[in-house]
Amino acid sequence: MTSRIPVPDGSDFPLANLPYGVIDAGEGPRLAVAIGDHAIDLRVAAGVGLLPHGAALSAPTLNPFLALGRTAWLETRIALTELLTTDRFDRLPGGAVQARAGLSMVRPFDPGDFVDFYSSIHHAANLGSLFRPGTEPLNPNWRHLPVAYHGRSSSIVVSGTPVRRPRGQVRPGEAPPHTAPTTALDFELEVGFITGPGNALGDSISADSAADHIFGLVLVNDWSARDIQRWEYVPLGPFLGKSFATTVSPWVVTLEALSPYLVPGVPQDPEPVEYLRTRGDWALDLELEVTLQPHGAAAGQVVTRTNFAGNYWTMAQQLAHVTINGTNVRPGDLYASGTISGPTRGSEGSLIELTRNGAEPLRLGDGTERTFLRDGDTVTLRGWCQRPGLPRLGFGECTGMVLPAT
Ligand code: MN
């Protein structure tokens, strides 16, 4: 099958991808699907009967479409593929196809709840060693359940939104605590899933039915202020060191599109308890990289590369864990993986790990060094799936520039 809209070689968005986003071409937010360098306005396409579920596809956010569930998502994907590959395309009104270069991107979903996991064993071991030197890096619960905290949804922003350096209470060494802009601003390389229908309060979602409730995935930068975090996090976990901003990529890549790239997860020892046992493949072979571009530099440089498939706890296990107590998942919730770090130097998903808490600064191409982020730095996450015999599917960019503290 060939798309009626040409797809440049190497594009993140071939016909097999069809990720959902929200665009603004000056007429307010509209749902759209990306194909190559273009976006299709779903309200216009549904308005002339070329797509099903016109009411949900005419909303300014994905949430009503997420609520419809997997059958509706599949029907729409089939109709989109047909629209793009047959003479149905000729019935698309002018203005339904927009060049992506001229569009503003809007946060594609309204997140009611945001959870951040801690599911990379390499990240958990690295942070445990840095924050609690001399102790066992993994807490006793870590291999038995996917550790997480509830984050803040109000400050989830779409890629391209600048991030203001936060201020807060810090305590360097044994000195009295004081209030200051963070001097330890960091990124966290993460992948998050966005939920569909969800469950009624009191019910649970089994790991086996996770695919009915996971609509798609985005790249997530969980910006972190390590000095604020270090002082505040005992005993209840991250709070203001995390809640000031979280950036998501603008195009939601569906689980349906990603399913050919699912692979077996890493071996788990000990075997998890019953509700965390899964069938089928739930790890995703997703290559990831982060670039850092200092203010004024011509380009960013890659500071880390890793792969999502190495995470210990999978999305199905995370969703089963979230609801084992009967709490209710709603359409548009965001569940982020936690920082994704690999086992080797150069594959860590945060600066605190890459620089060993500042002891081993990164040297950048412009001659400067980084322990943590400087004002004017732009951090960009990228991710793509690539397997033999399959097309390359990308996520686009998840980017943000650091603004000085007020
Ligand atoms: Mn995080």
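The values are calculated or read from the model by the stated rules, or taken from the named source; none is laboratory data. Computed from a prediction, not measured in an experiment: that's the story for all the values here. Positions of Cβ are generated from backbone atoms using ideal geometry, with glycine treated the same way; all protein chains shown enter the neighbour counts. Note: areas computed on protein heavy atoms with side chains; ligands, DNA, RNA excluded. Shrake-Rupley method; radii C 1.70, N 1.55, O 1.52, S 1.80 Å.
Among Ala34, Ala46, Ala359, the residue with the largest mean-square fluctuation in a Gaussian network model of the chain, with springs joining Cα atoms closer than 10 Å, is Ala359. The range 217-251 and the range 360-389 have their alpha-carbon centroids 18 Å apart.
Surface composition of the chain: carbon plus sulfur atoms hold 53% of the accessible area, using a 1.4 angstrom probe and ignoring ligands, DNA and RNA.
For the range 165-235, GluC sites (Glu not before Pro) meeting the loop criterion (DSSP other than H, G, I, E, B) and having at most 11 other Cβ atoms within 10 Å: Glu174.
Under a 5 Å amide H cut-off, with hydrogens placed 1.01 Å from N, Val147 pairs with Tyr118 among residues at least 5 apart or on other chains. With protein chains left intact and a 1.4 Å probe, residues in the chain average 41 Å² of accessible area per residue.
Annotation: extensible slack from Arg167 through Arg4 equals 53.7 nm (criterion: 0.36 nm per residue apart, minus Cα-Cα distance). Applying both filters, DSSP loop and at most 14 other Cβ atoms within 10 Å, to the GluC sites (Glu not before Pro) of the range 14-100 gives Glu27. Rounded to the nearest 500, the helix-only mean residue ellipticity at 222 nm of the chain stands at -4000 deg cm²/dmol, with each DSSP H run of n ≥ 4 adding -39,500 (n - 2.57). Modelled spin labels at Ser58 and Tyr275, positioned 7 Å past Cα toward Cβ, are 4.1 nm from each other. Largest mean-square fluctuation among Gln268, Gln229, Gln318, in a Gaussian network model of the chain whose springs join Cα atoms under 10 Å apart, belongs to Gln268. In the chain, taking the dipole from charged Cβ atoms about the Cα centre, the farthest positive-side position among Val302, Gly280, Ala124 is held by Val302.
Near Trp384, within a Cβ-to-Cβ distance under 15 Å, what is the net charge of the other residues, with Lys and Arg +1 and Asp and Glu -1? Net charge in that neighbourhood comes out at -2.
Among the trypsin sites (Lys or Arg not before Pro) in the range 330-406, those located in a DSSP loop and surrounded by at most 11 other Cβ atoms within 10 Å of their own Cβ are Arg345.
Note on the chain: the C-alpha convex hull projects to 20.4 nm² when averaged across all orientations.
Local charge for Leu74 was computed over the other residues whose Cβ lies under 14 Å away, with Lys and Arg +1 and Asp and Glu -1, and equals -2.
Evaluated with a Cβ-only charge set (Lys, Arg +1; Asp, Glu -1), the range 20-106 carries a dipole of roughly 180 debye about its Cα centre, given to the nearest 20. Here r is the Cβ-Cβ distance between Asp87 and His144 and R0 is 41 Å; the resulting FRET efficiency, rounded to 0.05, is 0.15.
Taking the chain as a Gaussian network, where each spring joins two C-alpha atoms under 10 Å apart, which residue of Gly95, Gly54, Gly358 fluctuates the most? Top of the fluctuation ranking is Gly95.
Please compute the length gained on full extension between Thr183 and Thr327, using 0.36 nm multiplied by the number of residues separating them and subtracting their Cα-Cα distance. Can you show the working numbers first?
Values: separation 144, 0.36 × 144 = 51.84 nm, distance 3.71 nm.
Stretched out fully, the Thr183 to Thr327 stretch lengthens by 48.1 nm.
This model, with +1 at the C-beta of Lys and Arg and -1 at the C-beta of Asp and Glu, gives the chain a dipole about its Cα centre of some 440 debye. The tail of the calculated P(r) for the range 119-209 beyond 22 Å holds 56 percent of all Cα-Cα pairs. Full extension of the chain between Ser155 and Arg363 yields a length gain of 71.8 nm, computed as 0.36 nm times the residue separation minus the alpha carbon distance. Distance between the C-alpha centres of the range 281-347 and the range 138-160: 11 Å, rounded to the whole angstrom.
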